[in-house]
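Here's the structure, in structure tokens; my notes come after.
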């Protein structure tokens, strides 16, 4: 083919062949959305998910002991926005507002948040365990604890809003980690199988030595520094960077050694076998038990550690779906046309195969987010992962064990967990039905 067409013409021809044979992505997603929209429970679940994401994003503006806007002595202030600027290092705190009770200041004009407390605000006058219908000591009605307080006097309504943010954050971060590992390993296993990925022995040896060195010098030898540092980026970022540098050096060195004929002999790498065995090993151990074992090794586990570990333990389902799709897609005519035209393997994978395999991943992600939220709630209930000043639905239920009469601390977060998990499960069911209906036509 290269004798009759130039490289540019060849690329255009291959793209046209691929467009003629590949599924029309726009029509596919239009059909999926039409069928998903006809599923009323799934559609309403999606709308409620948008509401939950909005609550998570604007949680500090919905529940805060500081005013959203105020005017004092002719000057205008935005205290909540100022907190964001201080957290990002853009502004310095105003000395006149350090250690002040915002409720006692005199305002010319003020806008308060709907809930007059943040999740960490302690009201000693309404502690411990004041119920929504109990008598409370408040200066004004707007300072009423509408959903009660916990053992320290923290507002339950503010905790529910902060728990929404924590649940959404755990789901997004955990499934991002799961998709990163699952998509890459699923692509390699499904597209290359056990015989199509061929590496020279020197490259395989170099990468193996680099991974061992990265683990030893980046993690094992620096375990104390990793345990004492804050993440991210901290010492963990340095360890990951060291590992990437070692891998780059190993592959560059292997490329130079492969110039010698004796070292350039290639050997098939059974990547599909290795990935499937790894999936079987991880899925043979109960996820919560595995999670508790890993957290027991970490000296100071934090919520970010929990998110990453949950994501790492969840990549197997993503990898299995991606592998199954790639096994089907790699034999389709438009993939064979791209191979005949001489396109590189990576270009075929990322530009032609992967975009048409993303549909089932959305279903896995929807169910995976629900599982991640349940896992985090279970760990918080056991008192793992969260610092003292952080609040989640699971930690609120844990507080209810201290006083069995505090029914609101068990009922409200429990309903929130149940509703959120149900929303994601209904969205996953709706996506699965919409895509199955398309495939069965």
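The values are calculated or read from the model by the stated rules, or taken from the named source; none is laboratory data. In this text, all values refer to a predicted model and were calculated from it rather than measured experimentally. Counting neighbours? That spans all protein chains shown, and the Cβs are built from the backbone with ideal geometry, glycine included.
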- Does residue 206 satisfy the criteria of being over 27 Å from the mean Cα position of the chain (by Cα), at pLDDT 85 or above and over 30 Å from residue 59 (Cα atoms)? yes
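Residues of the range 128-148 being over 27 Å from residue 56 (Cβ atoms) and out of contact with any helix residue (DSSP H, G or I) (no Cβ under 6 Å at 6 or more places or on another chain), which ones?
128, 133, 134, 135, 138, 139, 140, 141
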- Item | Selected residue [outside the structural domain of residue 165 (by TED's automatic domain parsing), surrounded by fewer than 14 Cβ atoms within 10 Å (Cβ to Cβ) and under 25 Å from residue 398 (Cα atoms)] from 134, 123 | 134
- So which residues in the range 155-170 are over 19 Å from residue 67 (Cβ atoms) and surrounded by fewer than 24 Cβ atoms within 10 Å (Cβ to Cβ)? 160, 164, 165, 168, 169
- Got a sec? Which of 366, 338 is touching a residue at least 12 places away in the same chain (Cβ under 8 Å), touching a helix residue (DSSP H, G or I) at 6+ places or on another chain (Cβ under 6 Å), within 23 Å of residue 178 (Cα to Cα) and assigned by TED's automatic domain parsing to the domain that holds residue 52? 366
- What single numbered condition from (1) in contact (Cβ under 8 Å) with a residue 40 or more places away in the chain; (2) within 19 Å of residue 413 (Cβ to Cβ) fails to hold for residue 143? (2)
- Task: Among the residues of the range 148-190, write down those that are in contact with a strand residue (DSSP E or B) (Cβ under 9 Å, 6 or more places away or on another chain) and in contact (Cβ under 8 Å) with a residue 60 or more places away in the chain.
- Result: 148, 154, 155, 156, 157, 158, 159, 160, 161, 162
- Pairs under 7 Å by beta carbon, first residue over 20 Å from residue 254 (Cα atoms) in the range 191-211, partner outside any helix (DSSP H, G or I), six or more apart or different chains? 191/330; 194/268; 194/270; 195/268
- Condition test on residue 391, is it under 23 Å from residue 60 (Cβ atoms), assigned by TED's automatic domain parsing to the domain that holds residue 164, touching a residue at least 40 places away in the same chain (Cβ under 8 Å) and touching a helix residue (DSSP H, G or I) at 6+ places or on another chain (Cβ under 8 Å)? yes
- Query: Going by the structure shown, is residue 318 modelled with pLDDT of 85 or more, outside the structural domain of residue 215 (by TED's automatic domain parsing) and loosely packed, with under 13 Cβ neighbours inside 10 Å?
  - Reply: no
- Note on the structure: Heads up, the helices (runs of 4 or more DSSP H) in the range 233-307 (entirely inside) with at least 1 residues that are loosely packed, with under 14 Cβ neighbours inside 10 Å and in contact (Cβ under 8 Å) with a residue 60 or more places away in the chain are 271-283
- Residues 165, 142, 135: which one is within 30 Å of the chain's Cα centre (by Cα) and not in a strand (DSSP E or B)? 165
- Only one residue in 375, 400 is within 16 Å of residue 304 (Cβ to Cβ) and modelled with pLDDT under 90, so which one is that? 375
- Sort out which residues of the range 362-407 are at positive phi and surrounded by fewer than 16 Cβ atoms within 10 Å (Cβ to Cβ), and write them in order of number. 383
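Among the candidates 103, 71, 75, single out the residue that is more than 29 Å from the chain's Cα centre (by Cα), loosely packed, with under 11 Cβ neighbours inside 10 Å and modelled with pLDDT of 80 or more.
75
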